[in-house]
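Here you go, one structure.
The values are calculated or read from the model by the stated rules, or taken from the named source; none is laboratory data. Everything numeric in this text was worked out from a predicted model, so none of it was measured. When we count neighbours, we look across all protein chains shown, and the Cβ atoms used for this are built from the backbone with ideal geometry, even at glycine. To get the accessible areas, we keep the full protein, side chains included, count just its heavy atoms, and leave off ligands, DNA and RNA. Shrake-Rupley method; radii C 1.70, N 1.55, O 1.52, S 1.80 Å.
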Amino acid sequence: RGCEHCSLRDNWSWLATPRMPRSGNTRDGDILVLGEAPDEEEDKHGVAFVGTTGSMLRRIIPGRDLDRLIFQNTVRCRPRDNASPSIRDAHACSIFLEEDIEQLNIKAILGVGSVPLARFFPGAQISRVHGTRFPVRVGSKTLWYYPILHPSYVARTGGETDRRGFGSAAYPILKSDLKAFFQNVDKWREPTIWKPDPNDVLMPESEDEAREMIAAMDPGELGI
């Protein structure tokens, strides 16, 4: 992993900000807002989440919570034509994400869009798992990951709701997910990732044996 294995290194000659640094409250922040990759405006200014879609996100997030946020992208260099970064590029850049999380006092990751989701939950669709938290392991830390729709999708499908109520159908979904996140993030218990002991796993070798095992189980443990 690292820059020497990333195809985006070829872009450095025309980027204003190769390997964009994290921004926001990097000293006391406890929530990492993790995007996909810098866009043209962010590359120009050298700051994550200050472009059109980043500004939309900042407008939706409750003002009292903005001081808690640290902003960064899964891939820190802007791909040409604002294309989505590849899985290989995200993997190459993940070493810097892990370093950040080890150094910062982060309690949760607010994942914006499908690229960071693929980093932690390969194969998952953002349209199906948005607004649902799950634990992730990064280096020595276990954190909550909370995926949300990308503001760029809202912008492409009608934008924010105007006075007449017209706009993207995804906009109220994004607002609702963000509201739920900030209302509940401090109430969540410490995340854990349970790993069963192989010696405790029973594998039936026939249908009859499986039925016997199910019959012997406590109905309460099965939620019946």
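Please state which of the following conditions Leu174 fails to meet, knowing it meets all the rest: (1) part of a loop (DSSP other than H, G, I, E, B); (2) within 19 Å of Val129 (Cβ to Cβ); (3) touching a helix residue (DSSP H, G or I) at 6+ places or on another chain (Cβ under 8 Å).
Condition not satisfied by Leu174: (1).
Which condition number in (1) without any contact (Cβ under 8 Å) to a residue 60 or more places away in the chain; (2) surrounded by fewer than 15 Cβ atoms within 10 Å (Cβ to Cβ); (3) part of a loop (DSSP other than H, G, I, E, B); (4) not charged (D, E, K, R) is the one that Thr142 fails?
(3)
Let me ask something else about it. If you take just the helices (runs of 4 or more DSSP H) that sit entirely in segment 45-137, which of them hold at least 3 residues that are in contact with a Leu (Cβ under 8 Å, 6 or more places away or on another chain), in contact (Cβ under 8 Å) with a residue 40 or more places away in the chain and within 30 Å of Trp14 (Cα to Cα)?
Result: 87-103.
With the checklist (1) in contact with a strand residue (DSSP E or B) (Cβ under 7 Å, 6 or more places away or on another chain); (2) within 23 Å of Trp188 (Cβ to Cβ) in hand, flag the one item Phe49 doesn't pass.
So Phe49 meets the others, but not (2).
Taking the condition more than 25 Å from Asp65 (Cα to Cα) and either open to solvent by 30 Å² or more (accessible area, probe 1.4 Å) or not acidic (Asp, Glu) (or both), does Glu190 pass?
Details: more than 25 Å from Asp65 (Cα to Cα): no; either open to solvent by 30 Å² or more (accessible area, probe 1.4 Å) or not acidic (Asp, Glu) (or both): yes.
Here the answer is no, as Glu190 does not meet what is asked.
Got a sec? Which of Gly24, Gly46, Gly113 is on the phi > 0 side of the Ramachandran plot, surrounded by fewer than 19 Cβ atoms within 10 Å (Cβ to Cβ) and either among the small types (Gly, Ala, Ser) or modelled with pLDDT of 95 or more (or both)?
Within the list Gly24, Gly46, Gly113, the selection yields Gly46.
Moving to a separate point now. Inspect segment 145-158 for any residue being open to solvent by 60 Å² or more (accessible area, probe 1.4 Å) and under 23 Å from Lys195 (Cβ atoms) and give the result as yes or no.
No, there is no match, as no residue in segment 145-158 is open to solvent by 60 Å² or more (accessible area, probe 1.4 Å) and under 23 Å from Lys195 (Cβ atoms).
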